[in-house]
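Enquirer: One structure coming up, written as structure tokens, with questions to follow.
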Amino acid sequence: MSKSKEKIKSATKSTEDLINSLVAISNFVSSIRNIARQTNLLAMNAAIEAAHAGKYSTGFAVVADEVGNLAAKSAEAAQNTTGLINASLTAVDKGTALADSAHTAMNSIVSGISKISDEMQIITAAAADQQNAVNQITTGISSIEAGMHTTTATAEQSAASSEELSALASSLADEVDKFVTE
């Protein structure tokens, strides 16, 4: 996620740099437009001066006409460039809006993942608590089982002792009967 976030920041920075470049180009085109206007004014002044000079200014009039043509072409090129720059600025604005939207979505995703991570930590802690409880229950059952084995062994010993005592009592009774009958 961090890499994606950095890429979005980088794209946003690139877009800002592009906007700044387009603004600088727009300013340059504006300068070209001003030069074209001034050149056009110079061509008109040259044409007026050529008209004043009469028949000797034919070459000067041709040069003035060509300078006027160049000024018109410069103005047209500046206008076309301005149109391209405006179209580029519109595209950059759309790209910026998309980048901002992606940035917002990425922040939302990162926030969601953070919440999921927090929930997973809570679940992990609860699972550890349950494991401890199961271990305590297992230990308790093992203690009960050990107690049952001890009780069973004691009961078996008691039963064996009872049988032995019963056999001894029976033997003693037989011995006592010998004395009573004699």
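Values in this text are rule-based calculations from the coordinates and carry no lab data. Everything numeric in this text was worked out from a predicted model, so none of it was measured. Ideal geometry is used to build each Cβ from the backbone, glycine not excepted, and the neighbour counts take in all protein chains shown.
Enquirer: Multiply the residue separation of Ala126 and Ser142 by 0.36 nm, subtract the distance between their alpha-carbon atoms, and state the gained length in nm to one decimal.
Expert: 3.4 nm
Enquirer: Points 7 angstrom from Cα along the Cβ direction at His149 and Phe28: gap in nanometres?
Expert: A separation of 9.2 nm, rounded to one decimal place.
Enquirer: Now, a different point. Using just the alpha carbons, could you tell me how many Å³ per residue the convex hull of segment 65-137 encloses?
Expert: 56 Å³
Enquirer: Moving to a separate point now. Summing -39500 (n - 2.57) over the DSSP H runs of n ≥ 4 in the chain and dividing by its residue number, what mean residue ellipticity at 222 nm do you reach, to the nearest 500 deg cm²/dmol?
Expert: -37000 deg cm²/dmol
Enquirer: The chain: percent of C-alpha pairs farther apart than 28 Å?
Expert: 71 percent
Enquirer: I've got another one for you. Going by alpha carbons, how many degrees (0 to 90, nearest 10) lie between the helix axis of 58-181 and the longest principal axis of the chain?
Expert: That works out to roughly 0 degrees.
Enquirer: Continuing with the same structure: Please give every one of the lysines within straight-line cross-link reach of Lys3, meaning a C-alpha to C-alpha distance under 20 Å, and leave out same-chain neighbours fewer than 8 residues apart.
Expert: Here the lysines satisfying the reach criterion relative to Lys3 are Lys13, Lys115.
Enquirer: Need the full-extension length gain, Lys94 to Glu163, defined as separation in residues times 0.36 nm minus the C-alpha distance. One decimal, nm.
Expert: Residue separation times 0.36 nm, minus the Cα-Cα distance, leaves 14.8 nm.
Enquirer: Same structure, new question: From the square roots a ≥ b ≥ c of the eigenvalues of the alpha-carbon gyration tensor of segment 79-182, which class results: rounded (a/c under 1.5), prolate (a/b over b/c), or oblate?
Expert: Prolate.
Enquirer: Right, next: If all Cα-Cα distances of segment 1-57 are sorted into 10 Å bins from 0 onward, what percent lands in each bin, rounded to whole numbers?
Expert: 20, 21, 16, 14, 12, 9, 6, 2
Enquirer: Right, here's the next one. For Asn86 and Ala53, what is the calculated FRET efficiency with R₀ set at 45 Å and r taken between the beta-carbons, to the nearest 0.05?
Expert: That gives a FRET efficiency of 0.55.
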